[in-house]
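The values are calculated or read from the model by the stated rules, or taken from the named source; none is laboratory data. Just so it is clear, the structure is predicted and the values come from calculations on it, not from any experiment. Reconstructed Cβ throughout: ideal geometry from the backbone, glycine too, with neighbour counts over all protein chains shown. Remember, those area values only see protein heavy atoms, side chains included, never the ligands or the DNA or RNA. Shrake-Rupley method; radii C 1.70, N 1.55, O 1.52, S 1.80 Å.
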Amino acid sequence: MADPKPSPPARTPLRARIPLTYGLLLTVVLALAAASLCIGAGEVTAAGVLDYLGGSDSARLQLVVGELRMPRTTTALLVGAALGIAGCLLQAVTRNPLAETGLLGVNAGASLGVVAGIAFLGVETGFGQLVWAFAGAVVASGLVLLISGSSGGSSPLRLVLAGSALGATFGGITSLIIVNSAQAYDGFRQWVLGSLAGIEGFGELRTLAPVLAVGFVVALCVVRPLSALALGDDLARGLGHRPGVVRVVVALSVTLLTASAVALVGPISFLGLLAGFVARTLAGPRLLAQIGLAGLIGAGVLTGADVLARVVSKPYEAPVSVIVALIGAPVLIAVVRSKRLGALGMTESEGPAAGGRKPVAAERQLVLRRGPVSLLAAWRPALAALLLSAFLVAAVVVAAYAGQSDLDVPRTFRAIFGVGDHFDVLLVQKFRLGRIVAALTAGAALGLAGCLTQTLARNRLATPELLGVNDGATAAVLVSVTVSGTFGAWWAGPIGALVAVLVVTLVAGGLGQRGYRVLVVGLAMSALASAATQVVLARRSLSSASSLYTWASGSLNGRSYDVAWPVLIGLAFLIPASLVVARHLNVLRFDDSTAASLGVSPARVRLVCMLLAVALAGLAVGICGPVGFVALASPVIASRLAGPLRVPVLGSVLVGAALILLADTLGRVVLDGVEVPVGVVTTVLGGPFLLWVLLGRSSAARI
């Protein structure tokens, strides 16, 4: 009789592996800290560091080790741990493993504080920037907590939306100050990269050490109630906890930790997401273990990145934020491709998108017949399209009228059709209509791209930026400027967007049922491309970098027919194609099994929609740069007007065109003699709109 086949060895339980993981991570962190003390300027080797630690009274060792390397290493360890723990807490309280520390508006508030201090008060010292960064971060997160906790109490959704909205508004105000102040931009473009090179002595760290200590203590005290919140608000209340208070306390801890970190070393956004995500993968659902591991991961990654920053480009230092992205992006991609995510509940769900929604009444239909040909149209979408078209015509007239001239509306309207005074016709048709056509084209492309992306993701907050489209297109345009020496290659945007999405899709393993993978890989690639873009801007001359930054904020300055016509030709094919697949998009809003039973191939429709959205967003970036908010807001507004029963393809096109045109017009006239980029206008106004639309009583149902 044959011997029975031996059973495979049992895997070590997760709880038993956690102490081993702690030990390995702690060893790595200590090794990196030792390397940080031994590597750097001053040519002090490990033997010299040991002599200093042994009590040597050498003035040189005291300067290099005691005043430079030791404070820098300590700061890296504490800041990395703070960002890691803050990211872990934020992911737990929002129940979103992709939440990161910039979500509460902390980074945007700190950036606004630094820029305001430089522009209005002439702040130049590192300590002055530290004070303004911390103040801006605290004010921003305080407003987020105030808004998210009003009118019905705090919730993860309200916290996320309030932070995203206010962060966008603060970012727009920051850009508005920068484009009008070369001094502010020159200081900001170095600070925004993040660096520990300016750490000298323990003075700044000593100032913020009490704040960091309070943040760490609050994080430990909130572990039990936050763990109860993972079971749901009702069960948490049954266990004696108050969900609203718990979320406010968690947000307070995240604010203290992140604000201190940003004030000390600048915004290192990707680290909190990475540390929290990897810690959850290693520790499973045990929150206390997650927090400890996230702190060690954050400390190790930032310390290692700081060591690499000193050696990869000697005698200069590389930006630490770029090194963090280069380290973290491959790690995050490797983790998200692992098979353990399914066991941790971190893969995408396939539940129906419409589950739990209230039934809606059937649409009233309008039948148009002429001979053997008939057309079935819904009353509400048709009426909405007519109203939006009329509004768009009025916006065109206002845009052609607005500006530094004595034209009145009747003269402007006649000049649009080539009638009237020769100078009026030349001014309107030669200079203004070309820009108007470019604005309409870019807005239509962005609106349609947002509609396709939101329907594809079954999420009103989804935009093409999540797939790396904007950052890829922006990087491609900057590369074309560097290579050719001239600006204006509209084709670079679509090529960069397509390359970015192809890379994201291939690295994620394809589309199919891996929507979650694509999203995570897109975030990682966006972090890399964004960091690289900031480095390019920091390395160029101030005048060149300022003009490129203005374009990267989204601008239509100098854009005319020569850019708009190729994109209009593309839209002539892409819009009808989107209308053709609109019927399939309606079905795709349900789960995949329902769509397949109705004769629709979910994978094929996903692929077509993805390609259409990428092409549209890339064309728009090629025209006016990465304009924010329009792709998000256009489908939301169009859906409100046309009703919830249809994918608002045509309405999104019209709304997007109107939004870009009105924003560009406002940017040209709001400040006398100064043009505000269209992307800055949309971002500043987009935050309040997002709050109004998505933080209402029925926001959860709408999303």
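Among all residues of segment 59-73, there is at least one that is in contact with a Leu (Cβ under 6 Å, 6 or more places away or on another chain) and either more than 22 Å from Ala294 (Cα to Cα) or assigned to a loop (DSSP other than H, G, I, E, B) (or both).
Among the residues that make up segment 587-606, is at least one of them at pLDDT below 80, assigned to a loop (DSSP other than H, G, I, E, B), open to solvent by 20 Å² or more (accessible area, probe 1.4 Å) and among the polar types (S, T, N, Q)? So far as segment 587-606 goes, yes, one or more of its residues are at pLDDT below 80, assigned to a loop (DSSP other than H, G, I, E, B), open to solvent by 20 Å² or more (accessible area, probe 1.4 Å) and among the polar types (S, T, N, Q).
Could you tell me whether Ala289 is over 17 Å from Ala325 (Cα atoms) and touching a helix residue (DSSP H, G or I) at 6+ places or on another chain (Cβ under 7 Å)? Against the criterion (over 17 Å from Ala325 (Cα atoms) and touching a helix residue (DSSP H, G or I) at 6+ places or on another chain (Cβ under 7 Å)), Ala289 qualifies. For segment 181-208, a tally of residues being touching a Leu at 6+ places or on another chain (Cβ under 8 Å), open to solvent by 20 Å² or more (accessible area, probe 1.4 Å) and not charged (D, E, K, R) returns 2. The set of residues from segment 76-119 being free of Cβ contacts under 8 Å to residues at least 40 places away in the same chain and closer than 17 Å to Gly172 by Cβ comprises just one member, Gly113.
Restricted to helices (runs of 4 or more DSSP H) entirely inside segment 162-247, those with at least 3 residues that are under 21 Å from Gly142 (Cβ atoms) are 203-221. Exactly one residue among Leu528, Leu511, Leu519, Leu523 is closer than 23 Å to Ala99 by Cα, in a loop (DSSP other than H, G, I, E, B) and either modelled with pLDDT of 70 or more or hydrophobic (A, V, I, L, M, F, W, C) (or both), and that residue is Leu511. In segment 670-683, the qualifying residues are those that are of a type in the set (A, V, I, L, M) and at pLDDT 85 or above, and the one that is surrounded by the fewest Cβ atoms within 10 Å (Cβ to Cβ) is Val676.
When you check Leu78 against the structure, is it open to solvent by 10 Å² or more (accessible area, probe 1.4 Å), in a helix (DSSP H, G or I) and of a type outside the set (Gly, Ala, Ser), yes or no?
Spelling it out, Leu78 is indeed open to solvent by 10 Å² or more (accessible area, probe 1.4 Å), in a helix (DSSP H, G or I) and of a type outside the set (Gly, Ala, Ser).
Every condition in (1) part of a helix (DSSP H, G or I); (2) at pLDDT below 80; (3) within 30 Å of Gly570 (Cα to Cα) holds for Asn459 except the one numbered (1). When segment 559-574 is filtered for residues that are within 10 Å of Val437 (Cα to Cα), among the hydrophobic types (A, V, I, L, M, F, W, C) and modelled with pLDDT of 75 or more, the ones remaining, listed by number, are Trp565, Leu568.
Residue-by-condition table, conditions (1) at pLDDT 85 or above; (2) of a type in the set (A, V, I, L, M, F, W, C); (3) open to solvent by less than 10 Å² (accessible area, probe 1.4 Å):
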site: Val250; (1), (2), (3): yes, yes, yes
site: Ser253; (1), (2), (3): yes, no, yes
site: Leu256; (1), (2), (3): yes, yes, no
site: Ala259; (1), (2), (3): yes, yes, yes
site: Leu271; (1), (2), (3): yes, yes, yes
site: Leu287; (1), (2), (3): yes, yes, no
site: Ala294; (1), (2), (3): yes, yes, yes
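Of all the criteria given as (1) crowded, with 21+ Cβ neighbours inside 10 Å; (2) of a type in the set (Val, Ile, Thr); (3) under 17 Å from Ala86 (Cα atoms); (4) over 20 Å from the mean Cα position of the chain (by Cα), the one not satisfied by Val144 is (4).
Just one of the listed residues (Val320, Val331, Val278, Val311) is touching a residue at least 40 places away in the same chain (Cβ under 8 Å) and either closer than 15 Å to Ile85 by Cβ or touching a Phe, Trp or Tyr at 6+ places or on another chain (Cβ under 8 Å) (or both), namely Val278. Go through the residues of segment 628-638 one by one and say whether even a single one is open to solvent by 10 Å² or more (accessible area, probe 1.4 Å), more than 19 Å from Pro677 (Cα to Cα) and part of a helix (DSSP H, G or I). Scanning segment 628-638, I find at least one residue that is open to solvent by 10 Å² or more (accessible area, probe 1.4 Å), more than 19 Å from Pro677 (Cα to Cα) and part of a helix (DSSP H, G or I), so the answer is yes.
Scanning segment 296-321 for residues that are under 19 Å from Gln534 (Cα atoms) and open to solvent by 30 Å² or more (accessible area, probe 1.4 Å) gives Leu308, Val312, Ser313, Tyr316, Glu317.
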